[in-house]
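For reference, the structure discussed in these notes is given below.
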Amino acid sequence: MSPTNLVGLLPAELEDLTVELGASRYRGRQIATWMYRKSILEIERMTDLPKDFRAALAERARIALPELEQVIPSQDGSRKLVFRLEDGARVSAVLMPDDDRMTLCLSTQVGCGFECAFCLTGTMGLERNLTTAEIVGQLLAANALLGESRVTHMVFMGMGEPLANYHALVSAVRVFVDARLGLGYSPRRITVSTVGLVSQIERLGREDLKVNIAISLHAASDEVRSRLMPINRSWDLGALMAAVRRYPLAPRQRVFFEYVMLDGVNDGDEEARKLVRLLRDVRAKVNLIPFNDWPGTRFRRPPLSRILAFQSILLGSGITTTVRWSKGEDIGAACGQLREAVPA
Ligand code: SAH
C-alpha cells in the first residue's frame, strides 16, 4: 500500500488511522495538533509520540505538501504561488495582502469545465479535481512561506469550480474551521465562489458550515447570462436566485455577487436596473470586477466612467457595491487569468 498522505485528513480520520495502527485515538489527535495547530510537518518531530509508533506511522503514512515551484511577486504586493503536483500538473494560489488582512485565493481543480466565455481558465477544460490534501496543502504551504504571520482569510476563487469538487472542498473547509484540532479559521473568513451549481449550493447550505458564498452572476438577464455562462442553460437565474434566497445566513452575513464588467455586453444602465430588481430582498454585496485581459479574448474592459455609472445605479438603490480591482494582473494572477503556468 502506498503511504497515505496525512495532509488534509480530518482529525477523526487521523484517529481512525492510528487505531488501524493499533494505537489509541488519542494518538490521532496528537498528530492533528502537530500538523494543524503547530505547523509541524515531519513525523520525526512529533516528539510526544512514542518512538516505535513514529516508526510504524512513517511506514504507513507521509506528510507531503504540493511542491511550491515558483513564487512570483506582483507590483501591487500580491504573490502568485505556483504549485507542481505529484502528477506534474500545476495550479496556482494567490496571496493578497490588504491592510491587516492576508487573503489566500485557492484553486480546487486543474483547469475548469464550465467554459465561461470571458475566463482564461475556462479555455483549458477540466483536467482533474484536486484532492483534499492538495487544497489544504496550498494553505499550509502559504502559511509556511509567510513565516511569523499567517493567512487570515481564504477565498475559493482560484482555478476550478469548488462546488464541482464538492467532497474535497467540504473536507478541506472542515479542516480549516475545526477550532480544536484543525486550523481554527472562522468560517466567516472563508468564501466559496461558484458559477451557480444550484443543487450544490443547496447541499452546502445543509452542511451548516457557515462559510460565505459568492455567486459569479455576471449578468442580470438569462439572455445575456446564457451567452456568457453555459451553466445558465441548466440552471437559469430564477433557479439560481431561489437557491440563493434559501442559503442560510447568520444575522449580519451577506451573499456576495461577482459581476465581471464587459464592455458593451453587460455594463449598460438597463442591465444595472435589472440587477437591482434581481437582488431585491436579497442581503447582497456586489463586487464589480473590471474585466482582466488575456491574449485572444474578444472581450474588453469598459471605460472607468461606465463602471462607475453602473456602480452608482446600484448604490442609489441601496445595494452595497464595490469595484474590485483584481490583484496580480501583471503576473497573470488576476481573476480568470490563472492557467497552468509552465515556467520558462
Ligand atoms: N468557478 C468559481 C470560482 C472562480 S472565481 C466561480 O466561477 O465563481 C473567479 C472569478 O473571476 C469568477 O467570478 C469569474 O467569473 C471571474 N473571472 C473570470 N475571468 C475573468 C476575467 N477575465 N476578468 C475578471 N474576472 C474574471
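The values are calculated or read from the model by the stated rules, or taken from the named source; none is laboratory data. Values in this document were obtained by computation on a predicted structure and should not be read as measured data. Note that each Cβ is placed from the backbone with ideal geometry, even for glycine, and that neighbours are counted across all protein chains shown. Accessible surface is based on the protein model in full, side chains and every heavy atom, while ligands, DNA and RNA are left aside. Shrake-Rupley method; radii C 1.70, N 1.55, O 1.52, S 1.80 Å.
Based on DSSP H segments of at least four residues, each scored -39500 (n - 2.57), the chain has a per-residue ellipticity at 222 nm of -9000 deg cm²/dmol.
Here the 3J(HN,Hα) profile of the range 151-165, calculated from phi with Karplus coefficients 6.51, -1.76 and 1.60 at θ = phi - 60°, is 4, 9, 9, 10, 10, 8, 10, x, 5, x, 10, x, 6, 8, 10 Hz, Gly and Pro shown as x. Relative contact order, whole percent, for the chain stands at 15, derived from Cα pairs under 8 Å and 6 or more residues apart. When the chain is treated as a GNM, springs tying every alpha-carbon pair under 10 Å, which of A56, A144, A272 comes out with the largest mean-square fluctuation? For the chain, modelled as a Gaussian network with Cα springs under 10 Å, the answer is A56. Scanning the chain for cysteines with no neighbouring cysteine C-beta under 4.7 angstrom from their C-beta gives C105, C112, C335. Here each label is just a point 7 Å from Cα along the line to Cβ, and for R180 and R233 those points are 4.9 nm apart. Using Cα atoms only, what is the angle between the long axis of helix 269-278 and the major principal axis of the chain, expressed in degrees (0 to 90) to the nearest 10? Long axis of 269-278 versus the principal axis of the chain: about 50 degrees.
Applying 0.36 nm per residue to the separation of D263 and R128 and subtracting their alpha-carbon distance, the gain on full extension is 45.4 nm.
Provide the per-residue ³J(HN,Hα) series for the range 6-20, in order, calculated from phi with Karplus coefficients 6.51, -1.76, 1.60 and θ = phi - 60°, each as a whole number of Hz, with x at glycine and proline positions. Rounded to whole hertz, the list is 6, 4, x, 6, 5, x, 5, 6, 5, 4, 4, 5, 5, 5, 4.
Rounded to the nearest angstrom and listed largest first, the equivalent-ellipsoid semi-axes of the range 225-344 from its Cα gyration tensor are 26, 18, 16. Sequence-distant contacts, meaning Cα pairs under 8 Å at least 6 residues apart, place the relative contact order of the range 268-344 at 36 percent.
In this rough spin-label picture, where each label sits 7 Å from Cα along the Cβ direction, the R280-K38 distance is 5.9 nm.
Among the protein heavy atoms of the chain, carbon and sulfur supply 49% of the accessible surface, probe 1.4 Å, non-protein parts ignored.
With distances taken between every two different alpha-carbon atoms, the chain has a Kirkwood hydrodynamic radius of 21.1 Å.
Once the Cα-Cα distance is subtracted from the 0.36 nm per residue extended length, the R300 to D48 segment shows a gain of 84.9 nm.
Note on L249 and D293: their simple-model spin labels are 3.7 nm apart, each label 7 Å out from Cα toward Cβ.
Here A64 and S149 are evaluated by their C-beta separation; at R0 = 25 Å the FRET efficiency comes out at 0.55. Our estimate of slack between S226 and T320, defined as 0.36 nm per intervening residue step minus the Cα-Cα distance, is 31.3 nm.
Around the amide H of N5, modelled in the peptide plane, lie the amide H atoms of R62, all under 5 Å away and 5 or more residues distant in sequence or on another chain. What the range 131-252 shows is 37 Å² of accessible area per residue, with the surface traced by a 1.4 Å probe over protein heavy atoms. The phi-based Karplus calculation (6.51 cos²θ - 1.76 cosθ + 1.60; θ = phi - 60°) puts the 3J(HN,Hα) values of the range 101-111 at 9, 10, 9, 10, 9, 9, 9, 10, 9, 8, x Hz, whole numbers, x for Gly and Pro.
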